[in-house]
């Protein structure tokens, strides 16, 4: 099995080198694909150096910052071209702890999609204030209400997919550019009948660097999530999971 971890980056110079080494030190046989959006802080140059030094690391450069959703769609396609059997989503800021990778790899042997979940038993959040906790929980609750999903952590960005799942999805239909991409992709996976499992994780707020969250990303999520049932009504007849 070839697992490829797709890591989108924009201004992550403080994190990316240490993250790469921690992932490779797990000795799980993973390859790493860094998708850099022309970071002005030099993240791309650091990634290129790591790729030159480490055969498990590849880098793709995009011309400008174009959003999380497009970065993952591009990264998924590149990972499949690399021959990946399993593809991960993972943030570069250590909010997604590398130590969970072996658990993901174990779980993906029995499920089609594995989501690292903060809101199932055993999961949690560290270093967030009450306001951000409420926004996060509210976002997942809103997503479940509007879509009918049973997933507790709809917005989690720490995930693992089998190759067959990504090959079956028509990503050209997916419009989300920000964090709504996670909800949209989760909805499509469930609507198509794939088996989605939530693996408990503890999410830790980034230690260095700045969050990419913005008001535009929040508003995109509000209106996009509200229209998912209508947009993908043709998928609900495949296996009737929603």
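Here are some notes:
- Here the condition is being crowded, with 18+ Cβ neighbours inside 10 Å and over 20 Å from residue 178 (Cα atoms); of 23, 54, 68, 33, it holds for 23 alone.
- For residue 138, the test of being more than 16 Å from the chain's Cα centre (by Cα) and at pLDDT below 95 is passed.
- Residue 144 vs. criteria in a helix (DSSP H, G or I), modelled with pLDDT under 95 and out of contact with any strand residue (DSSP E or B) (no Cβ under 6 Å at 6 or more places or on another chain): yes
- Subset of the range 185-229 (residues that are more than 22 Å from residue 138 (Cα to Cα), surrounded by fewer than 15 Cβ atoms within 10 Å (Cβ to Cβ) and at pLDDT 65 or above): 195
- Pick from the range 114-140, criterion in a helix (DSSP H, G or I) and in contact with a strand residue (DSSP E or B) (Cβ under 8 Å, 6 or more places away or on another chain), ranking: surrounded by the fewest Cβ atoms within 10 Å (Cβ to Cβ): 133
- For the range 158-175, filtered to residues that are touching a residue at least 40 places away in the same chain (Cβ under 8 Å) and more than 14 Å from residue 189 (Cβ to Cβ), the residue that is surrounded by the fewest Cβ atoms within 10 Å (Cβ to Cβ) is 175.
- Residues that are surrounded by 20 or more Cβ atoms within 10 Å (Cβ to Cβ) and more than 18 Å from the chain's Cα centre (by Cα) within the range 36-49 comprise 43, 44, 46, 47, listed in sequence order.
- Subset of the range 71-83 [out of contact with any strand residue (DSSP E or B) (no Cβ under 9 Å at 6 or more places or on another chain) and closer than 12 Å to residue 8 by Cβ]: 73
- Annotation note: of 78, 126, 110, the sole residue that is in contact (Cβ under 8 Å) with a residue 40 or more places away in the chain, closer than 15 Å to residue 161 by Cβ and more than 17 Å from the chain's Cα centre (by Cα) is 110.
- Residue 68 modelled with pLDDT under 95 and in contact with a helix residue (DSSP H, G or I) (Cβ under 7 Å, 6 or more places away or on another chain): yes
- Being in contact with a helix residue (DSSP H, G or I) (Cβ under 9 Å, 6 or more places away or on another chain) and within 30 Å of residue 222 (Cα to Cα) is a description that applies to residue 149.
The values are calculated or read from the model by the stated rules, or taken from the named source; none is laboratory data. Predicted model only: the values in this text are computed from it and were never measured. Neighbour counts run over all protein chains shown; Cβ positions are idealised from the backbone, glycine included.
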